[in-house]
Amino acid sequence: MLTAVCTSFFTRPKHPSALLLVSDGSMTHILHPVPEVPDLIEQWGFSCSNRPPDAPFRRNGAREQRREQIGTVTLPVHTNETTDFVADVYDRMRKLRADMDMSGNEQAQSTDMRGADLDLDVARLVDEVLRPAALGAIRDREGHAGSKEATETYPVYVVYVKRRKPEPISAWGPLFSVDF
């Protein structure tokens, strides 16, 4: 029993995934399509007033491996536009994920049985769901901010993570906080 606890405690995260991160300076918004559950896209946010938005992502055993800025979005300040933008990306991700050609039941198999294939699944998830959803929402907002409105430009990132278990990242903690 003690050996199992120590082994799991010191085992490095090995289940890859990717998430979308958008920070407007006061709030960081996360969208995480869980690779093992085709119809699940986690969505949560946390205050980043005392934490820089480019700080490495860590939550419930998930650790950032690398980060890729895929674009920027210009939004009016002092509005709910960031939340609306994230909701738009979420809706697009849902549609793209539903349309994504899942290769039968093998998507639901344990990652331990499939090994490195999950890295390919994550790359496919980024290429077919995360990136197109975010870039489509960014394109739709280009030039929409009124000329008299104050705007701010925010980076949009794909963050590649490794998780301890093949499950949602926010499964064992409150939805609106992050462990650092």
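Summary of values
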item: Pair list, Cβ < 9 Å and 6+ apart or interchain, from the range 79-93 residues that are over 17 Å from ARG131 (Cα atoms) to residues that are at pLDDT below 90 and assigned to a helix (DSSP H, G or I); result: GLU81/ARG141
item: Segments classed as helices (runs of 4 or more DSSP H), wholly inside the range 86-174, with at least 1 members that are touching a strand residue (DSSP E or B) at 6+ places or on another chain (Cβ under 9 Å), within 15 Å of PRO16 (Cα to Cα) and modelled with pLDDT of 85 or more; result: 117-125
item: Answer from ILE30, ILE70 - the residue that is modelled with pLDDT of 95 or more and either surrounded by fewer than 17 Cβ atoms within 10 Å (Cβ to Cβ) or under 15 Å from the mean Cα position of the chain (by Cα) (or both); result: ILE70
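The values are calculated or read from the model by the stated rules, or taken from the named source; none is laboratory data. Every value quoted in this text rests on a predicted model; they were computed, and no experiment measured them. A quick note on method: Cβ atoms are made from the backbone with ideal geometry, for glycine too, and the neighbour counts reach across all protein chains shown.
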